[in-house]
Amino acid sequence: MSSHYEVLGVPRDASGEEIKKAYRKLARTLHPDVNSGDDAAEQFKAVTHAYEVLSDPEKRRVYDTTGNENGTDNGFGGYSGSGFAFQDIFDTFFGGGGAAAGPASRVRRGQDALVEVRIDLKDAVFGVEKTLELETAVVCETCDGSCCQPGTSPERCDICHGAGQVQRPVRSILGQVMTAATCPSCQGFGTVIKDPCNECNGQGRVRSHRSLSIKIPAGVSTGTRIQLSGHGEAGIAGGPSGDLYVQVRVNPDKTYTRDGDDLQAALKVPMTAAALGTDVELETFDGPQTISIKPGTQSGEVITLHELGVTHLRGYGRGDLKVRIQVETPTKLDAEQEELLRKLAGLRDEEFTEGKLASSGGMFAKLRDKFGNL
């Protein structure tokens, strides 16, 4: 029995390209559509089988090592002890491993991409426009996605005549049948690119840097994703681009925190200002705002400035700005200040010698009132 190398007429150290050229040359003359000789079909089958084994690096390695003509090292693959192949039978009746009807398309959709963009809290309140710098696949400008050198185009495969499949006769337990397989010459595309574009190596796209300006709407928060359809990686062979997903991350602000669509801030007020009352100018995202501290304001009280919070992402209006008052007790007093505070405490009868728990009027207070005179 002739070896696969002898069938193709190539030496054992032939390169993959030499094997491919030898196969195409023989297939042109032996294909059943162009050669009606008695043994042409069998020769075409042998040539095609030899090419299928030697064009696959792993099958070729197994064939060179073990001599298994199918290039498989398991105990079942390709067994043909009775003049037929199990795989061919399944291919014929169940479509296993066979090619789909008609030639395959080279066009492939590009992959989706995900990038992260950081914005300040003020940008989340009002929205912002950002420029993204991307490293991605773009359409090759040299071939405009055709995969071919300028001035050329894909040519119909002269092995499968554009069908993307080749028919081969196989002897089976049911007699001789015809099976369809992916054309090894054009890989099932039905066309061959003889002059691939040098810029993109026949892919129709190249890696490149590009800038993209996007509008981030008001009201976004950390984790919000914005989908930009058609701005992902360019597809293969002029295929449609994938989508770009922009994930937002909001930087912490040194003054304000966010609670839903409300903004929160803490305002420190001197004890005397809280007692006497005052007006304070507060710098907000909307500019300076004056808030009034009423006389006797206590620590923890909240002053609400309506419609100065975050814009609602879905809907109208904005949240509120809530300012929590923190009354500061002085920690360092000079002699005169201490004397003045002592006089004030005396005038207000606030010179405590021991602490007292405030009565809440709760259950313990009621028990005290009921049993206090027993």
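The values are calculated or read from the model by the stated rules, or taken from the named source; none is laboratory data. Quick caveat, the model's predicted, so the values are computed rather than measured. Backbone-built Cβ (ideal geometry, glycine too); neighbour counts: all protein chains shown. Surface areas here come from the heavy atoms of the whole protein model, side chains and all, with no ligands, DNA or RNA. Shrake-Rupley method; radii C 1.70, N 1.55, O 1.52, S 1.80 Å.
Could you state the number of Å between the C-alpha centres of segment 218-282 and segment 287-338? Each part's Cα centre sits 21 Å from the other's. For the pair HIS209 and SER299, the difference between a 0.36 nm per residue extended length and the Cα-Cα distance amounts to 26.9 nm.
Relative to the current alpha-carbon distance between HIS161 and ALA104, full extension at 0.36 nm per residue lengthens the span by 19.2 nm. Label positions at SER3 and LYS21, each projected 7 Å from the Cα along the C-beta direction, are separated by 2.1 nm. Per residue, the solvent-accessible area of segment 4-70 (1.4 Å probe, heavy atoms of protein chains only, all protein chains present) comes to 56 Å².
At a threshold of 8 angstrom on Cα-Cα distance, excluding pairs fewer than six apart, so keeping six or more, what relative contact order does segment 203-257 reach in percent? Display every interim value, and only then the final one.
Working: 65 pairs, mean separation 19.6, N = 55.
After rounding, I find 36 percent.
Heavy atoms of the protein chains alone define the surface here; on that basis segment 256-348 has 67 Å² accessible area per residue at 1.4 Å probe size.
Projecting the alpha carbon convex hull of segment 256-348 along each direction and taking the average yields 7.1 nm². Once backbone amide H atoms are built at 1.01 Å from N, CYS140 has GLY145, ARG205, VAL206 as its partners under 5 Å, excluding neighbours fewer than 5 places away on the same chain.
Kirkwood's formula applied to the C-alpha pairs of segment 4-70 gives a hydrodynamic radius of 12.1 angstrom. The share of accessible area on segment 4-70 that comes from carbon and sulfur is 48 percent, using a 1.4 angstrom probe.
Kirkwood hydrodynamic radius, computed over distinct alpha-carbon pairs, for segment 96-236: how many Å, to one decimal? Numbers along the way, then the final one.
Working: mean 1/r = 0.0530 Å⁻¹.
It works out to 18.9 Å.
Hey, any idea what % of segment 138-296's accessible area is carbon plus sulfur with a 1.4 Å probe?
On the way: 3920 of 8350 Å².
That share works out to 47 percent.
Over all orientations, segment 214-308 has a Cα convex hull whose mean projected area works out to 8.0 square nanometres. Percent of Cα pairs in segment 191-259 per distance bin of 10 Å, from zero to the largest separation: 15, 33, 23, 16, 9, 4, 1.
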